[in-house]
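K.L.:
Below you will find the structure I want to go over with you.
The values are calculated or read from the model by the stated rules, or taken from the named source; none is laboratory data. Remember, predicted model here, so these are calculated numbers, not experimental data. As a convention, Cβ positions derive from the backbone with ideal geometry for all residues, glycine included, and neighbour counts pool all protein chains shown. All accessible areas refer to the heavy atoms of the entire protein, side chains included, with ligands and DNA or RNA removed. Shrake-Rupley method; radii C 1.70, N 1.55, O 1.52, S 1.80 Å.
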Amino acid sequence: MSDSIPPGARASPSTARNRDPILAVLKPRLPASGAVLEIAAGAGEHAVYFAAALPGLQWRPTDPDLEALVSIAAWREHQGSPNLLPPLRLDAADPDAWPDAAFDGVVNINMIHISPWSATEGLMRGAERVLSAGGVLFLYGPYFEVGAQTAPSNLEFDLSLKARNPVWGVRALEAVKALAAAHRLGLEERIAMPANNLAMFFRKR
């Protein structure tokens, strides 16, 4: 994949740093072939990178923001991976508007802490509806954990998020797990990632 930025596309230094660690945990845990729905794909950098590295998966990026969709389309045209599908405008908080199709995986990276809790509720309800039996929901981002020492950087990050928007913030892992379980999504694996993030794999029962 070329790292030059095409016209209309956006780029983030954090994506350049985390895409390889995320891919390293995704690759052995997603099926070799099938369909993946990415919720809140943002600028599309993860989508274009993962689709190129996972050619057996049809990767469908989505986002509610029109500028993000323009960026995803620009990366897609620039990179040209045939399994990267056109982006869809989709709001995680409105799962009834999600595609009427079955997916083997749902991927959500760095959304839960920069959105209202209703987006996480919609994410779980939507994942329950679109995932095939045994399908995987992948979450990545920072979380607070009961019994675990919280990194000072995550405490500072939480305060900065709430200052920007009082309905944002780093979520309690137990609350996310409980919500997922209510939608037949059981946590199978928790993996510590760089920069005090977690990668979590849930499976639809």
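K.L.:
Residues of the stretch 10-34 being open to solvent by less than 20 Å² (accessible area, probe 1.4 Å) and either out of contact with any helix residue (DSSP H, G or I) (no Cβ under 8 Å at 6 or more places or on another chain) or not in a helix (DSSP H, G or I) (or both), which ones?
P.N.:
Val25, Leu30
For (1) more than 14 Å from the chain's Cα centre (by Cα); (2) more than 24 Å from Arg125 (Cβ to Cβ); (3) of a type in the set (A, V, I, L, M, F, W, C), each residue gets a yes or a no:
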residue: Leu30; (1), (2), (3): no, no, yes
residue: Gly34; (1), (2), (3): yes, no, no
residue: Ile39; (1), (2), (3): no, no, yes
residue: Gly42; (1), (2), (3): no, no, no
residue: His46; (1), (2), (3): no, no, no
residue: Ala52; (1), (2), (3): yes, yes, yes
residue: Gly56; (1), (2), (3): yes, yes, no
residue: Arg60; (1), (2), (3): no, no, no
residue: Asp65; (1), (2), (3): yes, no, no
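K.L.:
Quick one: in the stretch 35-49, of everything that is in a strand (DSSP E or B) and hydrophobic (A, V, I, L, M, F, W, C), which residue is most open to solvent (accessible area, probe 1.4 Å)?
P.N.:
Checking each candidate, the answer is Ala35.
K.L.:
Inside the stretch 94-205, counting only strands (runs of 3 or more DSSP E) that do not spill past its ends, which hold 3 or more residues that are more than 27 Å from Ser12 (Cα to Cα) and open to solvent by 10 Å² or more (accessible area, probe 1.4 Å)?
P.N.:
131-141, 185-193
K.L.:
When you go through Ala16, Ala52 one by one, which is the residue that is under 20 Å from Glu67 (Cα atoms) and either among the small types (Gly, Ala, Ser) or in contact with an Asp or Glu (Cβ under 6 Å, 6 or more places away or on another chain) (or both)?
P.N.:
Of Ala16, Ala52, the one residue that is under 20 Å from Glu67 (Cα atoms) and either among the small types (Gly, Ala, Ser) or in contact with an Asp or Glu (Cβ under 6 Å, 6 or more places away or on another chain) (or both) is Ala16.
K.L.:
Okay, moving on. Could you tell me which residue of the stretch 50-76 is surrounded by the fewest Cβ atoms within 10 Å (Cβ to Cβ), considering only residues that are among the aromatic types (Phe, Trp, Tyr) and not in a strand (DSSP E or B)?
P.N.:
Taking the candidates together, the pick is Phe50.
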